[in-house]
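The values are calculated or read from the model by the stated rules, or taken from the named source; none is laboratory data. This structure is a prediction, so every number in the text was calculated from the model and none was measured. Every residue, glycine as well, gets a Cβ built from its backbone with ideal geometry; the counts of neighbours run over all protein chains shown. To get the accessible areas, we keep the full protein, side chains included, count just its heavy atoms, and leave off ligands, DNA and RNA. Shrake-Rupley method; radii C 1.70, N 1.55, O 1.52, S 1.80 Å.
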Amino acid sequence: MATEVLVPTLGESITEATLGEWLKQPGDAVAVDEPIASLETDKVSVEVPSPVAGVMGDHAVKVGDTVQVGALIATVDAGGSAPAKTEAPQPAATATPASAPAPAPAAAEAPSGDSPAALSPSVRRAILEHGLDPSTIKGTGKDGRITKEDVASAAQNKPQAAATPAVAGASSDGGQAAAGRGSLRNEERVKMTRLRQTIAKRLKEAQNTAAMLTTFNDVDMTAVIEARAKYKDLFEKKHGVRLGFMGFFVKAATMALKDIPAVNASIEGDEIVYHDYADISVAVSAPNGLVVPVIRDAQNLTVAGIEKTIGDFGKRAKDGTLKMDEMKGGTFTISNGGVFGSLMSTPIINPPQSAVLGLHRIEERPVVRDGQVVVRPMMYLALSYDHRLIDGREAVTFLVALKNAIEDPTRVLIDL
């Protein structure tokens, strides 16, 4: 008996989503509550579980289709069994990067992390672009699935000698085949994901609405680096999480926001809304792009509590299990572009917030201390803010307070 699979409730005010990926193909065996599809909403990806155990039936929608809450997307034959796996001659295992992967045969088990059925369109496209064999890529995503980061890492480690056979093979025709291949210029049109569309809309809205300005400062990271090196092993042993730099910055930011409340405020109509709490949005990397979950009441957390929360967010962002409620709200955002090597940037406000702090890479630079030129690990700080609400004096005061707390971490402990 076929059981309908419907789009589940996605959260308050969210009425539709995009079918991002089919995790099960028709004929695959499925267990009850096993994910069969991934939906992309404005904020996160949501997996759709099978309501019953059985065999995957027909797909009612295609990848990229927009679906409404409660809409039929597939059926599952309850209690059925997948077709037996037939012993067919297997072709030689030759890689053909220029061709799309062949459909996986129907079998009684779920597709492996590197099978075509388990690859999202963006990952499959990246594999083809780099000419990689998916069976050689170790997946770090949920259930061993391959992510775009895995593909990028594999591409960097790809041996250069792999290109030699193609060049050698072209010599038999005087190089004409190679010349012909080299002259090909391909284009591919891919629909933007719902998450990317929402990001684009919100960022443009921020530029159109806010009077954005960015103020810079730099901070000497010597004291924090020394504290981290001294206590990181004890910290991890006691709290079960690594001691990073974000814990210091989030805690220091909550202290600075308390001193400069306008940076933690927002504009609603003709009113300014001040918050006596600091809900800090932190940008973390996910397979489909950056997501921004919120550390609630960060002002009440210790550095250890902040690090635990960020670590949990990062793990669940990678697994695609962040919840809608964890992405809502936020009074101030911290974005760490330094993990990707950024030296300096002008981050864009996350509406309706009025400010965002950009962190950057730590780089040894010559600075003057007590009349002497010394080399110190320095980081540029960037505060982008809505000039309609925050004056330059307040922005500079905020950055100086943050700088003082990071350069003397004892201030974080005694709330100075």
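Scanning the stretch 47-70 for residues that are touching a residue at least 40 places away in the same chain (Cβ under 8 Å) and either of a type in the set (Lys, Arg) or open to solvent by 30 Å² or more (accessible area, probe 1.4 Å) (or both) gives GLU47, PRO51, VAL52, LYS62, VAL63, ASP65, THR66, GLN68, VAL69, GLY70. Residues in the stretch 173-200 that are of a type in the set (Lys, Arg) and more than 23 Å from SER384 (Cα to Cα) were compared, and the one that is modelled with the lowest pLDDT is ARG181.
LYS318 meets the stated requirement of being basic (Lys, Arg) and either within 25 Å of ILE14 (Cα to Cα) or touching a Lys or Arg at 6+ places or on another chain (Cβ under 6 Å) (or both). The set of residues in the stretch 62-93 that are among the hydrophobic types (A, V, I, L, M, F, W, C) and at pLDDT below 80 comprises ALA82, ALA84, ALA88, ALA92, ALA93.
Of the listed requirements (1) under 27 Å from GLY141 (Cα atoms); (2) outside any helix (DSSP H, G or I); (3) hydrophobic (A, V, I, L, M, F, W, C), ILE267 misses just one: (1). Annotation: GLU394 fulfils all but one of (1) part of a loop (DSSP other than H, G, I, E, B); (2) surrounded by 15 or more Cβ atoms within 10 Å (Cβ to Cβ); the unmet one is (1). When each of THR198, THR214 is tested for being open to solvent by less than 80 Å² (accessible area, probe 1.4 Å), in contact (Cβ under 8 Å) with a residue 12 or more places away in the chain, among the hydroxyl-bearing types (Ser, Thr, Tyr) and in a helix (DSSP H, G or I), the lone residue that passes is THR198.
Would it be correct to say that GLY320 is open to solvent by 10 Å² or more (accessible area, probe 1.4 Å), free of Cβ contacts under 8 Å to residues at least 40 places away in the same chain and farther than 16 Å from LEU383 by Cα? Judged against the criteria, GLY320 is not a match. Considering every residue within the stretch 394-403, establish whether at least one is of a type in the set (Asp, Glu), touching a helix residue (DSSP H, G or I) at 6+ places or on another chain (Cβ under 6 Å) and more than 22 Å from PHE245 (Cα to Cα). Yes, the stretch 394-403 contains a residue that is of a type in the set (Asp, Glu), touching a helix residue (DSSP H, G or I) at 6+ places or on another chain (Cβ under 6 Å) and more than 22 Å from PHE245 (Cα to Cα). Annotation: of all residues in the stretch 201-233 being modelled with pLDDT of 80 or more, among the aliphatic types (A, V, I, L, M) and within 27 Å of the chain's Cα centre (by Cα), the one that is nearest to SER266 (Cα to Cα) is ALA210.
Just to verify a result, which residue in the stretch 270-301, among those that are small (Gly, Ala, Ser) and part of a loop (DSSP other than H, G, I, E, B), is most open to solvent (accessible area, probe 1.4 Å)? Explain how you work it out, then say what you get.
Step one: list which residues in the stretch 270-301 are small (Gly, Ala, Ser), which gives 278, 281, 283, 285-286, 289, 298.
Checking the rest, the ones that are also part of a loop (DSSP other than H, G, I, E, B) come to 278, 283.
Values: ALA278: 5, ALA283: 32 Å².
So, considering only residues that are small (Gly, Ala, Ser) and part of a loop (DSSP other than H, G, I, E, B), the one most open to solvent (accessible area, probe 1.4 Å) is ALA283.
Can you name the residue in the stretch 118-142 that is within 21 Å of SER45 (Cβ to Cβ), touching a helix residue (DSSP H, G or I) at 6+ places or on another chain (Cβ under 8 Å) and open to solvent by 50 Å² or more (accessible area, probe 1.4 Å) and is also modelled with the highest pLDDT among such residues? Only one residue fits best here, namely THR140.
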